[in-house]
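Report on the structure given below.
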Amino acid sequence: MDRAQLLFKTLVECYIRDGQPVGSRHLVQAAELPLSPATVRNVMARLEERGLLASPHTSAGRVPTAQGYRLFVDRLLTTEAPPETLVSALEQELAPDKSPRELVQKAAQCLAELSRHAGLVMVPRRDLVDLRHIEFVRLDERRVLAIIVCANGDVQNQLLHTERAFDEAELTQAGNYLTRHFAGKSLGEITDGLLRGLRDDRNRLDDLLRSTVDLAERAFAPAPEADYVLTGEASLLSLAGGGAGVAGIDRLQELFQAFAAKRDILHLLDRCRQSEGVEVYIGDESGYAPFEDLALVTAPYGSDGRVLGRLAVIGPTRMAYQRVIPLVEVTAGLLSRALAR
């Protein structure tokens with residue numbers, strides 16, 4: 001590592017730790033190099049010309065830019081493995097005896113508490129979960145409750161409005177038929193392939209089987225939108241907004257409206273679903289305006305080799321990446337292991 005890289009790395013680490021612009025004299029002491037403050041100022045000026053540092057108007061010191069954080073994370077960062085005590089505590093919180101919903105909630109809480117930022121976990125994608133059992137319960141003449149029991153232990157209830165009345169015997173036969181033929185298949189496979197084949201042969205089916213296909217199409221219909229659990233978002237109140245006054249308030253409102261609407265954030269996470277490891281988005285790299293002053297550290301979790309969703313820590317660009325990146329990676333692995341059991 002050359003002199004400029006060492007000084008830059010030290011400056012970023014000091015700013016992440018202290019939150020104050022770093023001056024040349026402080027940087028000389030922190031880097032422990034036999035350099036004069038004048039020499040350090042020249043190096044910092046060149047780094048500023050490259051767009052890696054910026055000079056706040058209120059201080060003679062420098063702070064990293066989003067481009068500077070990107071260089072730091074990609075080439076200079078030294079991560080810290082989480083302590084064994086922390087990993088053990090996470091394993092207890094993400095125990096496999098919890099339901100998938102409980103695991104998602106607990107993972108988001110752990111990410112928020114341990115990072116001191118916001119923790120976000122996508123609820124497992126419905127279309128990738130395997131079917132274990134399905135049954136139908138008659139509520140009245142035109143309403144049927146579909147109870148879908150998934151292989152991961154999750155139970156999903158779907159209210160169906162039917163075109164004709166079903167008696168209990170018909171519903172029992174329909175549930176038994178679908179369980180017998182589709183158990184072990186993902187809900188997405190059932191919807192996209194197996195049911196389509198039966199639907200194409202509808203004219204050759206008897207009345208009961210046609211009705212079974214109709215019930216199944218309604219029960220396995222894709223959810224209108226995925227979901228996620230978010231905790232710790234209050235920690236962003238003093239970090240997002242990019243400044244005081246009306247502009248800062250508007251940015252905060254935009255951010256929290258995004259959290260409430262969910263759609264755009266889910267699309268952002270969906271874009272990196274194929275990634276196998278941790279990804280870091282800094283500032284405007286996400287392409288999503290409310291995150292321009294924030295950083296997102298995200299990783300996939302899954303079961304049986306399939307990605308079911310992603311989890312993330314959302315915080316300021318001045319986050320402790322050396323701690324947060326391993327925390328996200330470990331949590332994703334433990335959540336995957338718990339869901340697989």
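General remarks:
- Taking every residue in segment 152-166 that is touching a residue at least 12 places away in the same chain (Cβ under 8 Å) and pairing it with any residue that is open to solvent by 50 Å² or more (accessible area, probe 1.4 Å) and among the acidic types (Asp, Glu), at least 6 positions away or on another chain, the pairs with Cβ-Cβ distances below 7 Å are Ala165/Glu141.
- Selection status of Leu194, at pLDDT 75 or above and part of a helix (DSSP H, G or I): no
- When restricted to residues that are farther than 27 Å from Cys14 by Cα, touching a Gly at 6+ places or on another chain (Cβ under 9 Å) and either modelled with pLDDT of 95 or more or hydrophobic (A, V, I, L, M, F, W, C) (or both), segment 269-322 contains 3.
- Ala174 being modelled with pLDDT under 85 and surrounded by 13 or more Cβ atoms within 10 Å (Cβ to Cβ): no
- Verdict on Gly51 being out of contact with any Leu (no Cβ under 6 Å at 6 or more places or on another chain) and on the phi > 0 side of the Ramachandran plot: yes
- If you go through segment 208-246 and keep only what is at pLDDT below 70, over 24 Å from the mean Cα position of the chain (by Cα) and open to solvent by 70 Å² or more (accessible area, probe 1.4 Å), you end up with Ala244, Val246.
- Restricting segment 177-191 to residues that are closer than 24 Å to Val307 by Cβ and assigned to a helix (DSSP H, G or I) leaves a set whose member that is modelled with the highest pLDDT is Phe182.
- Any hit, segment 97-111, residues being without any contact (Cβ under 8 Å) to a residue 40 or more places away in the chain, over 19 Å from Val307 (Cβ atoms), of a type in the set (S, T, N, Q) and open to solvent by 50 Å² or more (accessible area, probe 1.4 Å): no
- Residue within segment 57-74 that is in a loop (DSSP other than H, G, I, E, B), of a type outside the set (Ser, Thr, Tyr) and at pLDDT 90 or above present: no
The values are calculated or read from the model by the stated rules, or taken from the named source; none is laboratory data. No experiment lies behind these values; they were computed from the predicted model shown. Using ideal geometry, Cβ is built from the backbone for each residue, glycine included, and neighbour counts are taken over all protein chains shown. Side chains are part of the model used for accessible areas, which takes the heavy atoms of the whole protein and leaves out ligands, DNA and RNA. Shrake-Rupley method; radii C 1.70, N 1.55, O 1.52, S 1.80 Å.
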